[in-house]
Amino acid sequence: MKKIFLAAAVASIASVISFSGFSDAPAVGAIELPKLPYGENALEPVISAKTMGFHYGKHHKAYVDKLNSLLKDSPLKGKSLEGIIVASAGKEDMAGIFNNAAQAWNHSFFWKSMKPAGGGEPRGKLLELINKSFGSYAEFKKQFADAGAAQFGSGWGWLVQDGDKLKIMKTSNADTPIAHNLNPLITCDVWEHAYYLDYQNRRGDFINAFLDKLVNWDFAEANLK
Ligand code: MN
């Protein structure tokens, strides 16, 4: 009887030791880097695997890592990424948390805004809304590309839903429509790191290639409210 009890106790201690030794588990309450929805080479030749490797594996990862280190001593630790963005927006003493949280969110949204063999005109409800809001797809495309090209310095180009209309929006640095109570449908990253290896200074060519060959209209339609 005593022997059986001891064996059970030893097994139970062993399982505790092996569990606590599992150091790869993410820390409780930490924000995780989501997996890319496709391989790093899946958007070639429009966006090279080299650009994706740096952009996702270095830039996006660095925003997530920095955010987790800033959250360690913050009352916002444990909130969702969206909750952290809304709670830190416009607060000077939380600028570091806002910038890294918004960049983490914007990049995840950007990866989903693209797919291999995407691009071109959307169909159905989305095309109706684009025609109603901009007059035509060609006019939407021109305004979206112009907004991205006109964004001075680093930032993002967006198609957002504002009530029953769609609008084009550009944001600076880390700023994001979800901090302004607007519903984003798609985004294009216009920071230089998004295109410089493949397009050098030709930001306009990159935005047009995004619209013609990559944009994921299924994702945009799924985001309509
Ligand atoms: Mn980026």
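For residues that are more than 16 Å from the ligand (Cβ to nearest atom) and assigned to a helix (DSSP H, G or I), scanning just segment 99-128, find the one that is most open to solvent (accessible area, probe 1.4 Å).
Applying the first criterion (more than 16 Å from the ligand (Cβ to nearest atom)) to segment 99-128 yields 115-128.
Applying the additional criterion that residues be assigned to a helix (DSSP H, G or I) yields 124-128.
Working: G124: 47, K125: 111, L126: 1, L127: 38, E128: 129 Å².
Here the answer is E128.
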Members of segment 31-48 that are closer than 19 Å to D205 by Cβ and within 16 Å of the ligand (Cβ to nearest atom) = L43, V46, I47, S48
With the condition kept exactly as written, say whether any residue in segment 194-210 is more than 16 Å from the ligand (Cβ to nearest atom), in contact (Cβ under 8 Å) with a residue 24 or more places away in the chain and open to solvent by 40 Å² or more (accessible area, probe 1.4 Å).
-> yes
When K213 is run through (1) over 19 Å from A42 (Cα atoms); (2) open to solvent by 20 Å² or more (accessible area, probe 1.4 Å), the failure sits at (1)
Within the group N183, N173, which residue is surrounded by fewer than 19 Cβ atoms within 10 Å (Cβ to Cβ) and either over 25 Å from R203 (Cβ atoms) or at pLDDT below 95 (or both)?
-> N183
Would you mention how many residues in segment 57-78 are open to solvent by 60 Å² or more (accessible area, probe 1.4 Å), away from the ligand (no atom under 16 Å from the Cβ) and over 12 Å from A30 (Cβ atoms)?
-> 2
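How many of the residues in segment 172-193 are among the polar types (S, T, N, Q), in contact (Cβ under 8 Å) with a residue 24 or more places away in the chain and within 16 Å of the ligand (Cβ to nearest atom)?
From segment 172-193, those among the polar types (S, T, N, Q) are 172-173, 176, 181, 183, 187; that's our starting set.
Those still in the list that are in contact (Cβ under 8 Å) with a residue 24 or more places away in the chain too: 173, 176, 183, 187.
So of that shortlist, the ones also within 16 Å of the ligand (Cβ to nearest atom) come out as 173, 176, 187.
Counting residues in segment 172-193 that are among the polar types (S, T, N, Q), in contact (Cβ under 8 Å) with a residue 24 or more places away in the chain and within 16 Å of the ligand (Cβ to nearest atom) gives 3.
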Consider G90 carefully, then state whether it is in contact with a helix residue (DSSP H, G or I) (Cβ under 8 Å, 6 or more places away or on another chain), open to solvent by 50 Å² or more (accessible area, probe 1.4 Å), more than 16 Å from the ligand (Cβ to nearest atom) and modelled with pLDDT of 95 or more.
-> yes
Would you confirm whether any residue within segment 161-168 is out of contact with any strand residue (DSSP E or B) (no Cβ under 7 Å at 6 or more places or on another chain), in contact (Cβ under 8 Å) with a residue 24 or more places away in the chain, of a type outside the set (S, T, Y) and part of a helix (DSSP H, G or I)?
-> no
Hey, N131 part of a helix (DSSP H, G or I), within 16 Å of the ligand (Cβ to nearest atom) and either touching a strand residue (DSSP E or B) at 6+ places or on another chain (Cβ under 8 Å) or open to solvent by 40 Å² or more (accessible area, probe 1.4 Å) (or both) or not | no
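The values are calculated or read from the model by the stated rules, or taken from the named source; none is laboratory data. Note that the coordinates shown come from a computational prediction; the quantities given were computed from them, not determined experimentally. Heads up, the Cβs are rebuilt from the backbone with ideal geometry, glycines too, and the neighbour counts pull from every protein chain shown. Ligands, DNA and RNA are excluded from the accessible area calculation, which covers all protein heavy atoms including side chains. Shrake-Rupley method; radii C 1.70, N 1.55, O 1.52, S 1.80 Å.
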